[in-house]
Amino acid sequence: KAGVTQTPRYLIKTRGQQVTLSCSPISGHRSVSWYQQTPGQGLQFLFEYFSETQRNKGNFPGRFSGRQFSNSRSEMNVSTLELGDSALYLCASSLELAGVHEQYFGPGTRLTVT
Amino acid sequence: EDQVTQSPEALRLQEGESSSLNCSYTVSGLRGLFWYRQDPGKGPEFLFTLYSAGEEKEKERLKATLTKKESFLHITAPKPEDSATYLCAVQRPSYAGNMLTFGGGTRLMVKP
């Protein structure tokens with residue numbers, strides 16, 4: 001069974017630009033969550049989508065947004081990039097079955113803002 | 001606010017030298033506590049889920065335990081390939097969605 005895939009794996013953007021990252025969950029998984037990982041703050045929750053609806057949101061500015069499609073694939077968008085947005089962005093999917101709550105992570109997208 | 005604290009931040013072991021990693025947590029209702037392993041430049045790899053105090057789970061040289069305030073990841077006779085960052089995370093009851101709150105991780109280095 002294929003794991004969570006994320007594209008692109010690496011991105012370099014300039015301050016002020018916007019970026020869109022993509023995530024394909026494990027087949028059959030309907031919940032997709034996004035996390036930001038930095039050396040200083042560690043892993044922080046961005047938002048979660050389930051059945052195309054945002055179910056939960058972390059403490060990030062409105063420049064960070066996301067969406068989920070009917071096939072459970074998800075995208076996240078960051079507008080007006082700042083230097084501090086440089087990070088590893090991780091996507092995780094979950095089966096959402098009673099008693100099963102594990103989240104499986106993709107390899108991440110390394111975003112560098114210059 | 002949920003809080004997860006892992007200690008130590010870094011741990012150096014000789015091959016075969018057993019030890020334990022600690023994860024202390026405060027959360028408003030615990031649905032599950034998760035352990036992950038992360039290698040440099042990769043996403044976290046799922047290891048264990050623990051749901052209630054007293055529960056234990058094992059996988060090869062790793063054993064995870066849970067109390068009402070903390071969890072331990074015991075590593076028995078580690079090998080160099082066990083070198084990685086180990087992350088602990090907590091999850092609230094289902095009405096709060098699937099959000100995970102992570103600790104800062106323990107960076108484990110096992111020398112041959």
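We did not get these values from a lab; they are worked out from the coordinates using the rules stated. The structure displayed is predicted, hence computed values, not measured ones. Neighbour counts run over all protein chains shown; Cβ positions are idealised from the backbone, glycine included.
3J(HN,Hα) couplings calculated from phi for the stretch B:101-112 with the Karplus curve 6.51 cos²θ - 1.76 cosθ + 1.60 (θ = phi - 60°) are, in sequence order, 9, 9, x, x, x, 10, 8, 9, 10, 10, 9, x Hz; Gly and Pro show x. In a DSSP loop and with at most 16 other Cβ atoms within 10 Å, the chymotrypsin sites (Phe, Trp or Tyr not before Pro) in the stretch B:1-100 are B:Y51.
Calculated over the stretch A:46-114, the projected area of the Cα convex hull averaged across directions stands at 5.2 nm².
How charged is the neighbourhood of A:R63? Take every other residue with its Cβ under 9 Å from the Cβ of A:R63, and add Lys/Arg as +1 and Asp/Glu as -1. Please report the intermediate quantities before stating the final value.
On the way: positive: none; negative: A:E82, A:D85.
Counting the neighbours of A:R63, the net charge comes to -2.
Percent of C-alpha pairs per 5 Å bin in the stretch B:30-112, short distances first: 3, 14, 25, 25, 18, 10, 4, 1, 0, 0.
Loop-only check: which chymotrypsin sites (Phe, Trp or Tyr not before Pro) in the stretch A:35-82 are DSSP coil with at most 13 other Cβ within 10 angstrom? Could you put the intermediate results ahead of the total?
Working: sites: A:Y35, A:F45, A:F47, A:Y49, A:F50, A:F64, A:F69; in loops: A:F69.
Sites meeting the loop and neighbour criteria: A:F69.
Across chain B, the relative contact order, built from alpha-carbon pairs under 8 Å that are at least six residues apart, equals 37 percent. Longer than 23 Å from Cα to Cα, which of A:K57/B:K68; B:K63/B:K111; A:K1/B:K63; A:K1/B:K42; B:K42/B:K111 are they? Say none if no pair is. Among A:K57/B:K68; B:K63/B:K111; A:K1/B:K63; A:K1/B:K42; B:K42/B:K111, the Cα-Cα distance tops 23 Å for A:K57/B:K68; A:K1/B:K63.
Note down the net charge around A:L90, summing +1 for each Lys or Arg and -1 for each Asp or Glu among other residues with Cβ under 15 Å from its Cβ. My count for the surroundings of A:L90 gives -2.
Count the net charge of all other residues whose Cβ sits under 15 Å from the Cβ of A:F45, scoring Lys and Arg as +1 and Asp and Glu as -1. Intermediate values should be presented prior to the final figure.
On the way: positive: A:R55, A:K57, B:R31, B:R92; negative: A:E48, B:E1, B:D2.
Value of the local net charge: +1.
How big is the gap, in Å, between the Cα center of the stretch A:20-98 and the Cα center of the stretch A:4-18? Spelled out, the Cα-based centre of one part sits 13 Å from the other. Could you bin all the Cα-Cα distances of the protein assembly as shown into 10 Å bins starting at 0 and give me the percent of pairs in each, rounded to whole numbers? Going from the shortest bin to the longest, the percentages are 8, 33, 35, 19, 4, 0.
The string of couplings for the stretch B:83-91 from the Karplus curve (6.51, -1.76, 1.60, θ = phi - 60°) is 4, 4, 9, 9, 10, 10, 9, 10, 10 Hz, one whole number per residue in order, with x for Gly and Pro.
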